[in-house]
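Notes to accompany the following structure.
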Amino acid sequence: MSEKSETLASLSHEERRYAPPEDLVAQANVTQATYDEAAADRLGFWEKAAERLEWGQRWDRVLDWDDPPFAKWFVGGTLNASYNCVDRHVEAGHGDRVAIHWVGEPEDDTRDITYAQLKDEVSQAANALSDMGVGKGDLVAIYMPMIPETAIAMLACARLGAIHTVVFGGFSSDALASRVLDCGAKVIVTSDGGYRRGAPSGLKPAVDEAVAKVAQEKPDLVTNVLVVRRTGQDVEWNDDLDVWWHDAVGGASTEHTPEQMDAEHPLFVMYTSGTTGKPKGILHTTGGYLTQTAYTHWATFDLKPETDVYWTAADIGWITGHSYIVYGPLANGTTSVMYEGTPDTPHKGRWWEIVEKYGVTILYCAPTAIRTFMKWGAEIPAEHDLSSLRVLGSVGEPINPEAYVWYRDTIGGGTAPVMDTWWQTETGGHMITPLPGVTHGKPGSAMTPFPGISAEVVDDEGTPVGNGEGGLLVITEPWPAMLRTLWGDDERFKETYWSRFADQGYYFAGDGAKKDEDGDLWLLGRVDDVMNVSGHRMSTTEIESALVSHPKVAEAAVVGAADETTGQAVCAFVILRESALAGGEEASDDLIQELRMHVQKEIGAIAKPRQVMVVPELPKTRSGKIMRRLLKDVAENREVGDVTTLADSTVMDLIKEGSSSGS
Ligand code: PRX
């Protein structure tokens with residue numbers, strides 16, 4: 001039985017069901033009527049959702065799908081995302097409401113920022129960027145820790161119509177350089193460093209390296225680096241490029257008039273891993289993206305902006321942070337918590353201390369965090385009053401039923417419903433999720449498509465499967481926050497997402513899924529060479545390229561092996577070069593450490609393999625394709641599966657011998 005079908009079989013034994021809490025149902029933002037309305041008039045439903053935003057000019061047409069797969073939403077409409085996230089709340093009399101309760105990693109290092117203060121700082125940052133020559137359509141890279149200035153810089157860009165690309169602060173200088181080059185960013189916003197696990201860690205040195213690399217290819221591209229002082233550590237300074245945030249932004253005017261942008265004006269590019277080594281620049285535009293993130297944030301979490309305190313415990317450097325720390329919550333006038341550090345600094349109860357202190361009512365995080373807390377033990381959250389929590393969310397990877405039930409019981413006091421939200425960088429916002437006032441929760445199932453979203457599970461031919469059957473997840477109709485293309489690569493956009501079911505015109509998500517007996521959806525993970533480590537997407541090929549770039553490595557194959565805490569873990573199989581072997585380095589611990597650190601340097605710490613196994617051969621088919629499935633069996637200590645399609649079926653014996661010696 002394949003791994004997928006084993007999962008299917010075990011999941012179908014899950015019998016626990018949770019009804020929505022009655023008090024929540026009584027005042028729910030969304031009811032069954034919303035599903036019915038959306039089913040009767042999908043475009044009319046999204047039109048109403050868009051009306052929740054403030055537009056300069058109203059659209060003439062909700063959707064233009066005349067040239068698929070290139071969608072245009074709210075055609076002819078104009079709006080400014082930054083105005084919608086900031087100014088309009090101040091104008092509506094909510095200037096004193098806290099927008100962000102920011103919590104630094106060092107204890108007592110906190111800031112509360114009201115909407116009025118946010119408006120001033122975003123305006124100042126927009127004026128400062130504008131003084132640096134940043135205008136409509138220019139690209140700005142943001143490489144930052146989790147500090148308020150990260151969100152402020154994004155909103156400042158949106159205000160000007162500049163397109164931001166946020167690069168996760170844990171990525172390497174190489175990753176930053178390649179993204180800056182790919183999108184042509186002229187300004188980089190960064191900080192001296194941030195706090196991580198109790199100590200300051202530098203960011204500016206990586207920017208300096210990246211700027212030098214970029215200059216080799218495009219000497220005139222980067223014209224300024226805007227640097228926030230966060231840790232106070234010493235940094236190298238280049239007077240031609242570097243500008244302190246506190247000088248440029250701090251000294252700027254707090255008056256700035258946002259310009260109305262076309263609904264289809266690009267808002268940001270977010271790079272994500274694909275099945276090849278080269279990251280894809282996912283392009284999101286303004287009107288549709290803001291409509292769907294704001295509406296889903298309000299509906300999925302039953303958000304009451306006047307009373308809720310909302311916390312997405314994720315990094316702004318990922319799509320979850322873009323949509324559900326910055327754009328969705330701020331567009332709704334939410335009071336949010338933003339936390340800089342790791343969950344165990346300075347102690348393992350840090351999250352629960354924060355929930356208690358701020359009275360967090362809605363918490364949104366990844367299953368990997370929940371599994372880590374399970375491992376640490378229920379007695380840690382039990383020391384805190386978590387009774388304020390009323391809705392919980394999960395994102396980034398399948399949540400296993402045990403983690404779901406633990407989350408609900410131990411963190412949610414046995415009453416807070418768990419919203420298992422399935423979506424992607426590409427989809428921009430929630431696509432498949434329960435709704436807290438409507439859906440009966442089933443541990444492990446993301447349940448049903450969001451109102452106005454059309455998803456199906458199909459077989460290889462694109463025919464919908466029946467209840468109780470598995471297949472591939474597709475989205476059958478365009479949706480407002482869908483990616484518009486891949487930055488600078490329309491062909492790759494068509495090929496990656498729209499070619500698999502070209503006849504039907506379906507978007508292929510890359511995930512396997514199952515419909516249970518009731519027709520509810522269970523997401524089963526990726527069906528391609530993309531891994532999911534702690535809810536972060538990694539490309540096997542990208543890590544393989546990093547390994548092969550090491551002088552001692554001849555060939556590499558990477559697989560994601562099941563891991564109790566991180567969902568999947570990176571396991572690498574490498575063949576060493578003759579020269580390395582001649583030096584007597586065979587699989588020494590030092591060499592393995594060196595290879596792990598090499599991947600960290602090339603891509604970032606999150607890509608560092610858990611295991612590196614030195615092997616004499618890799619299993620290949622006659623056409624030369626690496627059979628990762630077999631390597632996965634080895635990495636997961638399973639009986640190795642069918643080897644009949646291998647060019648040389650004895651290879652697996654050699655690998656098994658090799659893997660037991662070096663890891
Ligand atoms: O495999 C699915 C998994 O994460 C992938 C998208 O990754 P990324 O673009 O980095 O976005 C993560 C945050 C939205 C999907 O193709 N995934 C995401 N959410 C879930 C999930 N798998 C199962 N259940 C989920 N709730």
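The values are calculated or read from the model by the stated rules, or taken from the named source; none is laboratory data. In this text the structure is predicted, and so the values were computed from the model without any measurement. No Cβ is skipped: glycine too gets one built from the backbone with ideal geometry, and neighbour counts run over all protein chains shown. To get the accessible areas, we keep the full protein, side chains included, count just its heavy atoms, and leave off ligands, DNA and RNA. Shrake-Rupley method; radii C 1.70, N 1.55, O 1.52, S 1.80 Å.
For the chain, the dipole from Cβ point charges (+1 on Lys and Arg, -1 on Asp and Glu) about the Cα centre works out to 120 debye, to the nearest 20. Tell me which lysines have Cα within less than 21 Å of Lys514's Cα, excluding those fewer than 8 residues away on the same chain? Candidates past the 8-residue exclusion: Lys4, Lys442.
Computed over Cα pairs, the Kirkwood radius of the stretch 314-444 leads via Stokes-Einstein (1.306 mPa s, 10 °C) to a diffusion coefficient of 105 µm² per second.
The separation of the stretch 510-578 from the stretch 249-296, counted between C-alpha centres, amounts to 28 Å. Taking a straight Cα-Cα cut-off under 14 Å and skipping sequence neighbours fewer than 8 places away in the same chain, the aspartates and glutamates within cross-link reach of Lys632 are Glu3, Asp528, Asp529, Asp563, Asp642. Measuring r between the beta carbons of Gln593 and Glu469 and using R0 = 56 Å, the FRET efficiency lands at 0.75. Summing +1 for each Lys or Arg and -1 for each Asp or Glu among the other residues whose beta-carbon sits under 11 angstrom from that of Val103 gives -4. Computed over neighbours whose Cβ is under 11 Å from that of Ser123, the net charge equals -2, Lys and Arg +1, Asp and Glu -1. Hey, what D do you get for the stretch 588-655 in µm²/s if you plug the Kirkwood alpha-carbon radius into Stokes-Einstein at 25 °C and 0.890 mPa s? It comes out at roughly 183 µm²/s. Here the calculated FRET efficiency for Asp653 and Glu477, from their Cβ-Cβ distance with R0 = 41 Å, stands at 0.25, rounded to the nearest 0.05. Within the shell defined by Cβ-Cβ distances under 13 Å, the residues around Trp423 carry a net charge of -3, with Lys and Arg each +1 and Asp and Glu each -1. Taken over the C-alpha atoms, the chain has Rg and Dmax values of 24.4, 74 angstrom. As a rough guide to protection, the peptides 601-610, 617-626 ranked by mean Cβ packing within 10 Å, highest first, stand as 601-610, 617-626. For the peptides 210-218, 146-154, 469-477, the ranking by mean Cβ contacts within 10 Å, running from highest to lowest, is 146-154, 469-477, 210-218.
Beta bridges per DSSP, both residues in the chain: antiparallel share near 60 percent. Of Met132, Met419, the residue with the largest accessible area leads and the full order is Met132, Met419 (1.4 Å probe). In plain terms, the chain from Glu51 to Ser387 could stretch by 117.5 nm, reckoned as 0.36 nm per residue minus the Cα-Cα distance. Distant-in-sequence amide contacts of Ala162, defined by a placed amide H-H separation under 5 Å and a gap of 5 or more residues or a different chain, comprise Gly137.
Every pair of different Cα atoms in the stretch 549-623 enters the Kirkwood calculation, which places the hydrodynamic radius at 13.1 Å. For the pair Ala605 and Ala33, label points projected 7 Å from Cα toward Cβ lie 5.0 nm apart. Using the average count of surrounding beta-carbon atoms within 10 Å as a protection proxy, the listed peptides 21-27, 74-80 rank, highest first, as 74-80, 21-27. Under the simplified labelling scheme, the Glu209-Lys348 pair shows an inter-label distance of 3.3 nm, with each label point 7 Å from Cα along Cα→Cβ. Full extension of the segment from Glu91 to Ser579, taken as 0.36 nm per residue of separation minus the current Cα-Cα distance, would add 168.8 nm.
Taken over the stretch 174-258, the convex hull of the Cα atoms encloses 128 Å³ per residue.
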